[in-house]
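First up is the structure itself, then whatever we jot down about it.
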Amino acid sequence: MGMSGGGISEGAVPRINVTPLIDVLLVLLIIFMIISPVKPSKFEAKVPAEPKDQQQLNVQANPLTLIVGINKDTKAVSLLFESANVPAGDVNDLTALTAKLTEIFKTRTDNGVFRENTNVIEKTIFIKSPTSVRYGDVVKVIDAAKMAGAEPIGLQIDDLTE
């Protein structure tokens, strides 16, 4: 009856109901997963603007420009720079391309060859490939150029139907 002084009572034992707590925990977990910043992956695509006046367009080629060409028939890779066409292997073995680019960039670093109006070593590369070359082969060439230290890497879009 009431409150007796001794013995074990057969009354209700207090227990915490954890089901609502788990529901709240899961909702908070979902909210924090959505709010938390995802690791940003960076792949910038810079698209040039159309020239405003077509008649006053006087474009001259930069003598420091490096162009990596891919032959659609033989899958051979060649490096075009300083008016020379230097063979650099093929898309299955790009160690020669990486070695030549690394050598060119080291020479430019030693000689202090900078981009126009900057203090950055000129390491710009353009990859010229016809549309009939497999996408994976072009990506292999891009990866080889990145391994050599090329930055930025552009895709040349003229004469793609060769």
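Every number here is computed from the coordinates shown, using simple stated rules; none is lab data. Model, not experiment: these values are computed from the prediction. Cβ: placed from backbone, ideal geometry, glycine included. Neighbour counts: every protein chain shown.
When you scan the range 81-88, do you find a residue that is farther than 13 Å from residue 150 by Cβ, part of a loop (DSSP other than H, G, I, E, B) and among the hydrophobic types (A, V, I, L, M, F, W, C), even just one? For the range 81-88, residues farther than 13 Å from residue 150 by Cβ, part of a loop (DSSP other than H, G, I, E, B) and among the hydrophobic types (A, V, I, L, M, F, W, C): absent.
There is no residue in the range 135-157 that is over 23 Å from residue 44 (Cβ atoms) and part of a loop (DSSP other than H, G, I, E, B). What are the residues in the range 106-128 that are in a helix (DSSP H, G or I) and either of a type in the set (Val, Ile, Thr) or at positive phi (or both), if any? If the condition is that a residue be in a helix (DSSP H, G or I) and either of a type in the set (Val, Ile, Thr) or at positive phi (or both), then 107, 109 are the ones that fit. Pull up the range 109-128, narrow it to residues that are closer than 24 Å to residue 70 by Cα and of a type in the set (Lys, Arg), then point me to the one that is surrounded by the most Cβ atoms within 10 Å (Cβ to Cβ). For the range 109-128, the residue satisfying everything is 123. Of note, residue 131 satisfies the criterion of being exposed (fewer than 13 other Cβ atoms within 10 Å of the Cβ) and assigned to a loop (DSSP other than H, G, I, E, B).
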